[in-house]
Amino acid sequence: MTSTVLVLGGRSEIGLEVARGLAAEGRTIVLAARRSHDLDAQEDTLRAAGAGAVERVEFDADDLASHRPLLDDVAARFGPLDVIVTAFGILGDQERAERDAGHAVAVVHTDYVAHVSVLTHAANLLRKQASGTVVVFSSVAGVRVRRANYVYGSAKAGLDGFASGLADALAGSGVRLLLVRPGFVVGRMTEGMSPAPFSSTPPQVAKATLSALRSGRGEVWVPGVLRPVFAMMRLLPRALWRRLPR
């Protein structure tokens, strides 16, 4: 039976690049996003990359009650699910979030709470299969939260911790979790912002993710140099740390 890849966040540049790499193996790719009817360009890209089939389903990450029915429906129609990629998220506006509690909560809801919900349901689904891999995109922004983007960073810190614990909980179940920690990614989400040191692009993040998937790794930093860099950054005095830019 042809295996299936589910991308939660079907418009994500990184998610699409990961799907394109997996499509070359003839898999069925299911793109889950709002306005799923408007994914023609993404579908064409995946078909050109060799996908056996491309399907679309409607997905609103912030609608927590819809998560389990969505996953059950995808598994019933297109399963078994080989890979589930959680590629949705928002950057938000830090300045606005400092003034507007509602905006701060919206960022945390999408980038953390919604992930907790969908990852819990995804893990339970894959446990029943006794197989499959979940790919979770964290960020170095959550490794040590900076003053310049602490709302987004705090959500990523929570997600990183949750995903790390979930990976341990899945040990021995036949299900694997791959945690990806990119640095600054030059793309739509960061358009107009000055790139940070050791920046990467969606294709570079996807390439590292695909390599880690195929090698069976549990986590990957993109680029790899960020791991020792942030090990040193943890030691910076807070008075210096708070002055660092995004």
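The values are calculated or read from the model by the stated rules, or taken from the named source; none is laboratory data. The structure presented is a predicted model; accordingly, all values stated were derived computationally and were not measured. Backbone-built Cβ (ideal geometry, glycine too); neighbour counts: all protein chains shown. What goes into the accessible areas is simple: the full protein's heavy atoms, side chains included, and nothing from ligands, DNA or RNA. Shrake-Rupley method; radii C 1.70, N 1.55, O 1.52, S 1.80 Å.
Over the chain, average the accessible area per residue using a 1.4 Å probe and give it in Å², no decimals. With all protein chains present, the chain gives 46 Å² per residue. Taken about its Cα centre, the chain carries a charge dipole of roughly 1060 debye when the Cβ of each Lys and Arg holds +1 and the Cβ of each Asp and Glu holds -1. Amide H to amide H distances under 5 Å link residue 177 with 134, where only residues 5 or more positions off or on other chains count and H is placed in the peptide plane.
What the phi angles of the range 206-211 give under the Karplus curve with 6.51, -1.76 and 1.60, with θ = phi - 60°, is a coupling list of 5, 4, 5, 5, 5, 4 Hz, glycine and proline written as x.
Please report, as a whole percent, how much of the solvent-accessible surface of the chain comes from carbon and sulfur atoms (probe radius 1.4 Å). Could the numbers behind the result be given before it?
On the way: 6100 of 11280 Å².
Summing carbon and sulfur atoms, their accessible area is 54 percent of the total for the chain.
Whole-Hz Karplus values for the range 215-223 come out as 8, x, 6, x, 8, 8, 9, 10, x Hz, taken residue by residue from phi with 6.51 cos²θ - 1.76 cosθ + 1.60 and θ = phi - 60°; glycine and proline positions read x. Taken about its Cα centre, the range 1-124 carries a charge dipole of roughly 280 debye when the Cβ of each Lys and Arg holds +1 and the Cβ of each Asp and Glu holds -1. Of the residues 206, 7, 24, the one whose Cα sits farthest towards the positive end of the charge dipole of the chain is 206 (charges of +1 on Lys and Arg Cβ, -1 on Asp and Glu Cβ, taken about the Cα centre). May I ask for the angle, rounded to the nearest 10°, between helix 67-78 and the longest principal axis of the chain, with both axes built from Cα atoms and the value confined to 0 to 90°? Result, in degrees: 40. Between 0 and 90 degrees, the angle of helix 13-23 with respect to the longest Cα principal axis of the chain falls at about 30 degrees. Extension gain for residue 232 to residue 38 (0.36 nm times residue separation, less C-alpha to C-alpha distance): 65.4 nm. Give the shape of the range 68-188 as rounded, prolate or oblate, defined through the alpha-carbon gyration tensor: a ≥ b ≥ c are the square roots of its eigenvalues, a/c under 1.5 means rounded, and otherwise the shape is prolate if a/b is larger than b/c and oblate if not. Prolate is the answer for the range 68-188, as a/c is 1.5 or above and a/b outweighs b/c.
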